[in-house]
1. I'd like the distance between the alpha-carbon centres of the stretch 105-164 and the stretch 30-79, rounded to an integer number of Å.
2. So what are the ³J(HN,Hα) numbers for the stretch 16-27, from phi and the Karplus equation (6.51, -1.76, 1.60; θ = phi - 60°), rounded to whole Hz, Gly and Pro as x?
3. Project the alpha carbons of the stretch 8-163 onto their principal axes and report the range along each, largest first, in whole Å.
4. Evaluate the distance, in nm, between pseudo-label points positioned 7 Å from the Cα of residue 124 and of residue 97 along their respective Cα→Cβ axes.
5. Can you list residues whose amide H is under 5 Å from residue 169's amide H, if they're 5+ apart or on another chain and H is modeled 1.01 Å from N?
6. For the stretch 2-91, I need the span (max minus min coordinate) of the C-alpha atoms along each principal axis, in Å, sorted largest to smallest.
7. Treating the Cα atoms of the stretch 82-158 as identical point scatterers in vacuum, please give the log10 of the normalised Debye intensity I(q)/I(0) at q = 0.13, 0.17, 0.25 Å⁻¹, two decimals.
8. Give me, ordered by chain and number, the residues 5 or more places off residue 109 or on other chains with an amide H under 5 Å from its own placed amide H.
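Quick note: the coordinates plus some simple rules give every number you see, no bench work behind them. Since the structure is predicted, the reported quantities are computational estimates derived from the model, not experimental observations. Because the Cβ atoms are built from the backbone with ideal geometry, glycine has one as well, and the counts that use them run over all protein chains shown.
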Amino acid sequence: MKKKVSDVEKEGALERLPYSLQIEIHSETKFKKLAQAVLRAVHRPVELADTNPIVVPDANGSPKLEIIQLDDKYLTDTLRTDKAVDERIDYIKQKYAPANVPTGTLVELPDYRNKQLRLKDPKSAIREGLTLTGRISQFLVPEHESPNYTHRNTKAVADLLRMMGYRYRPFYRYDKRRTLPEQLDILAFYVFQLNKSRSVPFLASVVKAAVMLTLSSSLHDFHKPAIGT
């Protein structure tokens, strides 16, 4: 039976990370609410959301987590021309300096799933632009468009932190009762099937990838060869 995660493990998860985190939040009206959701997720007092800047220190007083508000209306502006995707990506690369610590960006964006709006959706351009600056992105719809807003933003924050390496327990924990070594690197191989579309059925592809988790490194390595190799 899987052992339940203890309160001590939850409260110490942020401290055990071998690196600092930075969370950027783009929301016109709900920055504080989303900042509180981040603080709850890492088991820190939500009152820190009233401070400026919002910094969670480690045991030595050094910044362990910083939460930053992004005020950039053009970032989430609707795409208006055929060239708008490339223009938005170029804008993001010029506007935002490369991240020097693991950085995640929460972006509040209207629901563009309506067929008439889908081509104007800037989400893919924002995601690619932020990726090129070293940022992981997660998207939310505004509160007035989401009947389960609190649940959705809690889940979005948890997903973003998980992608940044935050977890209650490490991938591998040494157990002296076992024969496995104290230090163990993990290598995993994946094969992804890229589904073909109805319009271009011959473009189905397989992408191979390898993920390396090393205890001696603060980050996980992801390797993907070019499609077709």
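1. Using only Cα atoms, the two centres lie 16 Å from each other.
2. Along the stretch 16-27, the couplings run 6, 4, x, 8, 8, 10, 9, 10, 9, 10, 10, 8 Hz.
3. 51, 35, 25
4. Between residue 124 and residue 97, the label points sit 3.2 nm apart.
5. The list, which skips near neighbours in sequence, is empty: none.
6. Over the stretch 2-91, Cα extents along the principal axes are 52, 34, 22 Å.
7. Each listed q maps to, in turn, -0.45, -0.74, -1.16.
8. It is 140, 141, by chain and number.
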